[in-house]
1. Given the criterion at pLDDT below 95, within 16 Å of the chain's Cα centre (by Cα), surrounded by 14 or more Cβ atoms within 10 Å (Cβ to Cβ) and charged (D, E, K, R), identify the matching residue among LYS100, LYS83, LYS104.
2. What number of residues within the stretch 90-117 are of a type in the set (Gly, Ala, Ser), in a helix (DSSP H, G or I) and free of Cβ contacts under 8 Å to residues at least 12 places away in the same chain?
3. When you look at PHE43, is it of a type outside the set (Val, Ile, Thr) and out of contact with any Gly (no Cβ under 8 Å at 6 or more places or on another chain), yes or no?
4. Identify, please: which residue in the stretch 42-67 is surrounded by fewer than 16 Cβ atoms within 10 Å (Cβ to Cβ) and touching a strand residue (DSSP E or B) at 6+ places or on another chain (Cβ under 8 Å) and is, among those, farthest from ILE107 (Cα to Cα)?
5. List the pairs whose first member sits in the stretch 3-29 and is of a type in the set (Gly, Ala, Ser), whose second member is not in a loop (DSSP other than H, G, I, E, B), and whose Cβ atoms are under 7 Å apart, counting only residues at least 6 apart or on separate chains?
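The values are calculated or read from the model by the stated rules, or taken from the named source; none is laboratory data. Keep in mind the model is a prediction, meaning the values are calculated, not measured. Using ideal geometry, Cβ is built from the backbone for each residue, glycine included, and neighbour counts are taken over all protein chains shown.
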Amino acid sequence: MFQYAIEVKDKDFTPYDLAHAFEKIVAAGGSKGEFIYGPNANFDNDKITLKLQEYEDKGFFTLLHDIFSYSRMMLFKTDLHSKSDFIGAIMSSAITINSKEATKKWIHAIAKELSWN
């Protein structure tokens with residue numbers, strides 16, 4: 001049974017973008033939505049917080065966090081034994097979900113920058 005989905009943005013976003021992502025999840029029968037933003041994203045925190053609360057008030061569970069916190073949390077939760085394994089898993093996921101080439105290049109660039117490859 002489908003329960004949740006994740007939206008990732010590495011560019012500026014608005015409450016409309018958040019609502020658009022969450023409405024797609026709701027339409028597909030989901031009850032939870034995670035919105036992850038990259039280092040290039042800017043947003044109005046007050047307006048986004050209000051939009052998140054709007055969905056929470058409807059019984060839709062939400063998460064909003066940056067890609068670095070998300071990655072660190074996932075690394076902590078997984079049974080992977082090295083940073084290299086983690087990057088491999090992220091890359092595999094990017095391929096599975098048919099990410100854009102720019103996203104895959106960004107993953108490689110971050111891995112190189114952090115000396116994780």
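1. Result: LYS104 is the single residue among LYS100, LYS83, LYS104 that is at pLDDT below 95, within 16 Å of the chain's Cα centre (by Cα), surrounded by 14 or more Cβ atoms within 10 Å (Cβ to Cβ) and charged (D, E, K, R).
2. Summing the residues that are of a type in the set (Gly, Ala, Ser), in a helix (DSSP H, G or I) and free of Cβ contacts under 8 Å to residues at least 12 places away in the same chain in the stretch 90-117 gives 4.
3. So PHE43 passes the test.
4. So the residue we want is GLU56.
5. Matching pairs, first to second residue: ALA5/ILE25; ALA5/GLY33; ALA19/LYS51; ALA21/GLU7; ALA21/GLY33; ALA21/PHE35.
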